Structure formats: structure tokens, C-alpha cells
Amino acid sequence: MIADFVLNNAKAYLKQGIVDCSIAVEDGKIFKIGKETHMSKAEEKTDLHNLLVLPGVIDSHVHLRDEEKAYKETFLTGTAAAAAGGVTTVLDMPNNTPVTMSAQTLRNRLQLAKRLVLVNVGFYSEFPKNLNEPKEIVAEGAVGFKLFMAEQVGGLNIDDDEALKEAFKKTAELNVPVAVHAEDHRLLKKAIEKLKLAKRHDLTAFLKAHNENVEYAAVKRLLDINAQVGNHLHFCHLSTEKGLDAVAEAKKADQKVTCEVTPHHLLLTKEAYESLGVKAVTMPPLRSRENVEALWRGVTEETVDLIGSDHAPHTLEEKDANSIWDVKVGVPGLETTLPLMLTMVHKKRLSLDRAVQLLTEKPAEIFNLNDRGCLEQGKNADFVVVDFNQRFKIDASKFQSKAKFSPFNGWEAQGKPVKTFVNGQLVMDEQRIVAKPGSGSVVRRAQT
Ligand code: DOR
Ligand code: ZN
Ligand code: ZN
């Protein structure tokens with residue numbers, strides 16, 4: 001058997017630890033991991049000079065946009081950003097134009113993506129109004145449903161507990177997770193109306209509206225509804241101690257619940273707004289030092305299941321609106337997540353084992369992506385070669401993403417992705433994109 005290629009002199013992150021080895025790749029899969037002398041013949045060999053090879057990052061929270069929001073990001077630019085950041089699989093959020101919330105809108109999105117993506121992409125759907133449709137949507141390939149509780153986006157009435165319960169019954173039956181943006185719409189709406197009446201259009205008003213209780217109220221409400229149903233709830237971007245505690249408690253009570261934190265909520269406090277201003281505004285917003293410390297405890301004590309970037313590209317003009325209520329919230333994150341987390345490993349904030357769990361193993365497990373998430377024979381050949389000790393400055397002007405800004409711009413990072421392989425193909429080499437659009441593939445959730 002002749003492999004497609006062999007990578008020699010790798011320090012590969014395997015189940016048993018970091019091992020000096022060679023990796024043979026055949027037909028998009030890891031064919032063999034072992035000593036160079038035991039490797040199969042190969043058409044091509046690459047010497048990795050003892051660089052670290054990690055399983056490719058699986059980012060389960062990405063807004064790739066495209067279609068009618070292509071001016072912010074396209075499948076091509078978004079997945080180029082992923083490849084540059086060592087991310088080999090992304091899960092795309094449905095708040096698009098048109099909103100992904102039917103078999104047809106998903107099919108259109110899949111078809112466009114297929115021709116353009118550089119990494120592997122799976123898709124969430126919003127809930128449709130008609131709860132007979134989720135079955136078709138899953139059959140079409142959705143990896144899960146997204147429930148945006150801050151504002152009405154999909155077809156499901158977010159103010160109606162009974163409707164939510166019926167929807168969760170459906171997803172439990174279909175065995176797909178529901179990823180939630182947990183901010184309570186009713187509390188938010190009331191607060192925003194009041195602030196607008198008082199002619200408040202500033203950042204402080206935004207923080208007041210999106211306060212900690214708004215997150216907690218949504219988390220608690222959904223956990224209570226879900227306790228009667230047993231669906232898998234996955235809380236996106238938790239930002240508060242209270243929210244995380246509620247999730248920890250539900251876990252103890254054996255609810256099927258998981259959660260995510262983002263690098264921006266882990267690495268920045270609300271004080272960062274003083275220098276970064278409105279450009280750094282996200283939903284949920286940055287929090288106090290106490291909350292940030294609670295998130296880190298969650299990371300080390302394993303209440304937090306995974307790290308997702310919430311890559312949310314916008315144009316700079318959209319970030320620059322006169323009123324805070326018109327500012328598009330969100331920051332890009334695909335190109336900074338892995339380097340920042342590796343930097344935290346150097347700083348001993350978390351171990352490399354924990355970083356790999358949060359970035360690759362757990363997302364694979366939670367979203368049932370059984371063929372990836374670790375370096376093992378037979379798995380998808382999705383990996384990232386990192387120069388673990390290399391220090392570099394984050395420079396948002398060089399991003400592959402259309403959104404060329406970042407709250408981390410100018411930060412010194414340590415641990416640089418230097419090559420990204422997707423389905424056994426080199427996609428990024430020394431921060432250059434070297435593969436053709438369409439070399440990534442569409443990911444469907446494996447059914448259990
Ligand atoms: O900051 C955010 N940006 N939070 C969200 O929930 C939406 C996202 C976006 O789509 O821009
Ligand atoms: Zn969100
Ligand atoms: Zn998001």
C-alpha cells in the first residue's frame with residue numbers, strides 16, 4: 001500500500017501523550033501513526049522538524065454568513081480564517097439572510113458552501129414554526145438546532161414555554177442538541193425600551209440592559225423547561241458565574257446539558273471597553289473580573305465543556321453606528337482562538353491536555369462527530385501543525401476574515417499554527433492558503 005503522504009519527525013498529540021512519530025495519510029484519513037521505519041511507502045514526504053501536531057480545532061460556534069450577508073464574510077473567507085487559525089471543522093450558525101430554518105434554506109446553504117469551503121463545515125438550523133419540519137431539516141444534514149433567546153429569529157415563539165417544551169421534545173426524539181444563546185428577551189426588551197426613552201444610546205446603557213440577570217434568567221428558564229423533557233441543551237458563550245452555577249447544578253441533577261465559553265469572555269473584562277470601545281461589544285458582553293475568574297474555574301474544574309470562538313464578523317462601518325442600539329455586535333475569533341489558548345497553556349492558566357479537550361475532543365463528542373477530534377488511525381486527517389514556542393503579535397489587518405479587527409489586536413501570543421491539514425490536504429502553509437475553494441466538505445451529524 002502506498003500512502004498519499006507521510007509526515008516525518010512529528011511530535012504528535014496522541015491519547016497516550018506527545019509522541020515522536022510519523023503520520024501516514026491515505027484517502028483523507030489517518031492511515032498509520034508510528035516509527036518512520038515502520039511507515040508505508042508514500043508518494044510524498046514532509047519533514048516537520050519536531051513541530052507539535054494537534055488534532056484540528058473543532059469550532060462549534062461560527063457565523064460564516066455568506067448568502068445575503070456575504071459583504072461581512074463568505075464561506076471562502078470564513079473558512080480561510082478557520083484554516084489560518086488551525087480550525088479544521090466549523091459549525092455554522094443560522095442567523096443568516098435568509099435565516100436557515102427549513103430543509104430548503106439549509107439545502108441552498110449546503111450547495112453554496114460545497115463549492116467554496118476550505119475546511120469542513122456543519123450547519124445549525126433555527127427552529128421552524130412547524131414542528132414537523134425538524135425531522136426533514138435533520139435529514140438534510142443539520143448538526144443541531146440553535147435557539148436565540150435574546151430576540152425572535154426563528155419560527156418558534158421564544159416567549160412561550162409550552163412551545164419551547166414541544167420543540168425540545170422533538171429534538172430529544174431526533175437526538176440532536178439545541179445550542180442556546182441565553183439572554184432573556186422579555187427582560188432585555190423592557191430594559192432597552194426604558195433606556196431609549198431616557199435617550200440613552202451609550203455603551204454603558206448596553207451593559208445595563210445586557211446585565212448578568214438577563215443571562216441567568218434565560219439559563220434557569222430553559223433548564224426548568226428542559227428538566228421535564230430530557231433534550232440535550234448546549235449553552236453557548238456563558239459569561240456569568242450565576243449562569244455557569246445553574247448549569248453545574250443541572251449537570252449534578254443529571255440533566256443532559258453542556259456549555260461553552262469564548263476566548264473573549266475568558267481573557268477580557270469589562271474594563272477592556274475603556275480602551276477598545278464599541279468595537280469590542282459582543283452579546284453577551286464582557287463581564288467583571290469575578291465572573292471571568294468563575295469561568296476559569298469552570299474551565300479547570302470541567303464544568304465548562306468546550307471553547308468556541310463565536311466568530312461574528314461585521315464591517316467596521318457597522319461597528320461605528322451613532323447609537324449603541326444600532327451597532328452590530330460581535331467580533332471575529334477564528335484566527336485567534338488557538339494561539340490565545342496555547343498562550344494560556346504557556347502561562348499555566350490551563351494544561352495542554354485540557355486545551356485539546358476543550359478545543360477538539362469535547363466538541364467532537366458533544367456534536368457526535370465521531371470521525372474526528374483526535375489523532376488516531378482511521379480518523380479524518382484533520383490536524384494542525386503548531387510552532388508551540390513561537391511568539392508573534394496578533395495583527396488583525398492580516399486576517400483572512402473580512403472582519404479585520406480584533407479585541408486582541410497587538411497582543412503577544414505564543415504558539416502559532418503553521419500548517420493546517422483538512423481531510424488529508426494541506427490547506428494553510430505558513431499562514432498562506434494553498435488549497436482550492438471546495439476542498440473542505442460538508443459535515444452531517446452521525447445518527448445514533
Ligand atoms: O456577539 C454576538 N454576535 N452575539 C450574538 O449572539 C450574535 C452574533 C452575530 O451574529 O453577530
Ligand atoms: Zn450568541
Ligand atoms: Zn454566536
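The values are calculated or read from the model by the stated rules, or taken from the named source; none is laboratory data. Predicted model, so just to flag it, every value in this text is computed and none were measured. We place every Cβ from the backbone using ideal geometry, glycine too, and count neighbours over all the protein chains shown. Only protein heavy atoms, including side chains, enter the accessible area calculation; ligands, DNA and RNA are left aside. Shrake-Rupley method; radii C 1.70, N 1.55, O 1.52, S 1.80 Å.
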I'm checking my understanding of the structure. Among residues of the range 67-83 that are among the hydrophobic types (A, V, I, L, M, F, W, C) and surrounded by 24 or more Cβ atoms within 10 Å (Cβ to Cβ), which one is nearest to L316 (Cα to Cα)? A81
Any residue in the range 302-316 that is more than 16 Å from A364 (Cα to Cα) sitting within a Cβ distance under 9 Å of a residue that is modelled with pLDDT under 95 and more than 9 Å from ligand 3 (Cβ to nearest atom)? List the pairs, counting only those 6 or more apart or interchain. L316/K279
For the range 346-358, what are the residues that are open to solvent by 10 Å² or more (accessible area, probe 1.4 Å) and touching a strand residue (DSSP E or B) at 6+ places or on another chain (Cβ under 7 Å)? H346
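Give L369, L316 a once-over and let me know the one that is at negative phi, open to solvent by 10 Å² or more (accessible area, probe 1.4 Å), more than 16 Å from ligand 3 (Cβ to nearest atom) and assigned to a loop (DSSP other than H, G, I, E, B).
The conditions single out L316.
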Any idea which of G230, G243 is at pLDDT below 95 and farther than 25 Å from G85 by Cβ? G230
Quick check on my filter: what residues within the range 405-432 are closer than 21 Å to P313 by Cα, surrounded by fewer than 19 Cβ atoms within 10 Å (Cβ to Cβ) and touching a residue at least 12 places away in the same chain (Cβ under 8 Å)? N409, G410, W411, Q431
Hey, any hits in the range 29-42 for a residue that's open to solvent by 20 Å² or more (accessible area, probe 1.4 Å), of a type in the set (D, E, K, R) and in a loop (DSSP other than H, G, I, E, B)? yes
State the number of residues belonging to the range 270-303 that are within 16 Å of ligand 2 (Cβ to nearest atom), open to solvent by less than 10 Å² (accessible area, probe 1.4 Å) and within 16 Å of D245 (Cα to Cα). 1
